[in-house]
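**Q** The structure is given below, and queries will be raised subsequently.
The values are calculated or read from the model by the stated rules, or taken from the named source; none is laboratory data. Keep in mind that what you see is a predicted model, and the values were worked out from it rather than measured. Because the Cβ atoms are built from the backbone with ideal geometry, glycine has one as well, and the counts that use them run over all protein chains shown.
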Amino acid sequence: MSFGDPNPNPNNPYGQQPNQPPQGQPGYGYPQQAPQGQPGYGYPPQQPGGTLQANNGYINVAGLGTVELATMGRRLGARALDGVAYGILYAIFSAIGVASLVGASNSIDDCSGTEYGTAAYTQCVNDAADASVGILAGFFGFIAVFALIALLYEWLMVSIWGATLGKMVLNVKVVKESTGQAPGLGSGFIRWIIPMVGSLFCGLGTLLVYLSPFFDNSGKLQGWHDRAGSTIVIKTK
């Protein structure tokens with residue numbers, strides 16, 4: 001070998017280092033890589049450095065690898081299923097409350113058969129009025145219990161398991177963007193409270209929060225509540 005020889009290995013006509021395929025040609029036994037700027041076989045397109053391109057429906061999450069984002073159709077469908085569950089519970093509690101109020105009204109009417117001006121009539125009306133107050137308090141108690149159930153249902157299920165019943169049915173899961181795990185109680189509560197604050201504005205704020213992923217230009221379909229809780233919504237199947 002001479003120092004002026006441009007090819008130090010005469011057995012390698014390509015002038016490459018040993019154990020390396022010629023540049024621009026796939027080597028036998030070597031892993032093939034997709035050309036830069038073109039999608040690889042069976043993989044979503046990537047930018048230089050391995051980061052996934054926005055708006056292609058995939059995202060790289062720590063602990064999970066490459067996962068598919070849940071579409072807005074799935075997310076809104078899961079929300080609709082949860083809304084049906086809420087509606088059934090609300091209807092049950094409302095029916096109990098209305099039936100109680102009707103019963104209280106009938107008990108006051110029953111006093112009309114008592115002779116007017118007598119102590120018995122006065123006692124009857126007072127007892128019926130007290131019963132009405134108690135039933136009315138019970139009705140609002142039912143509403144408070146319903147609100148508590150709604151809180152525990154949405155907050156705890158998303159915080160601990162990453163999904164409500166509606167999300168489970170449609171294979172949708174909420175995870176922390178940084179870890180790929182369920183959000184936890186803190187992030188889960190922040191994610192829940194944002195739409196609830198929006199409900200104070202005649203429900204318009206809540207609607208905007210749930211539609212806000214449409215306005216996200218990062219390609220991650222994050223709503224305002226997702227950004228506040230540092231979460232993303234993915235498809236599990």
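**Q** Does the range 204-216 contain at least one residue that is loosely packed, with under 15 Cβ neighbours inside 10 Å and touching a Lys or Arg at 6+ places or on another chain (Cβ under 7 Å)?
**A** No, the range 204-216 contains no residue that is loosely packed, with under 15 Cβ neighbours inside 10 Å and touching a Lys or Arg at 6+ places or on another chain (Cβ under 7 Å).
**Q** If the requirement is being surrounded by fewer than 16 Cβ atoms within 10 Å (Cβ to Cβ), small (Gly, Ala, Ser) and farther than 16 Å from Asn60 by Cα, which of these qualifies: Ser187, Ser199?
**A** The unique qualifying residue is Ser199.
**Q** Check off (1) in a loop (DSSP other than H, G, I, E, B); (2) touching a strand residue (DSSP E or B) at 6+ places or on another chain (Cβ under 6 Å) for Ile234 and give me the number that stays unchecked.
**A** Of (1) in a loop (DSSP other than H, G, I, E, B); (2) touching a strand residue (DSSP E or B) at 6+ places or on another chain (Cβ under 6 Å), only one is false for Ile234: (1).
**Q** Just for the range 164-183: of the residues that are in a helix (DSSP H, G or I) and surrounded by fewer than 16 Cβ atoms within 10 Å (Cβ to Cβ), which one is nearest to the chain's Cα centre (by Cα)?
**A** Leu165
**Q** Return yes when Leu152 is outside any helix (DSSP H, G or I), at pLDDT below 90 and surrounded by fewer than 20 Cβ atoms within 10 Å (Cβ to Cβ) and no when it is not.
**A** So Leu152 does not fit the description; no.
**Q** Got a sec? Which of Gly219, Gly180 is in contact (Cβ under 8 Å) with a residue 60 or more places away in the chain, in contact with a strand residue (DSSP E or B) (Cβ under 7 Å, 6 or more places away or on another chain) and small (Gly, Ala, Ser)?
**A** Within the list Gly219, Gly180, the selection yields Gly180.
**Q** Tell me, yes or no, whether the range 218-227 has at least one residue that is more than 18 Å from Val67 (Cβ to Cβ) and either aliphatic (A, V, I, L, M) or part of a loop (DSSP other than H, G, I, E, B) (or both).
**A** no
**Q** As an exercise: evaluate Met157 against (1) part of a helix (DSSP H, G or I); (2) crowded, with 16+ Cβ neighbours inside 10 Å; (3) in contact (Cβ under 8 Å) with a residue 12 or more places away in the chain and give the number of the one condition it does not meet.
**A** For Met157, the failing item is (3).
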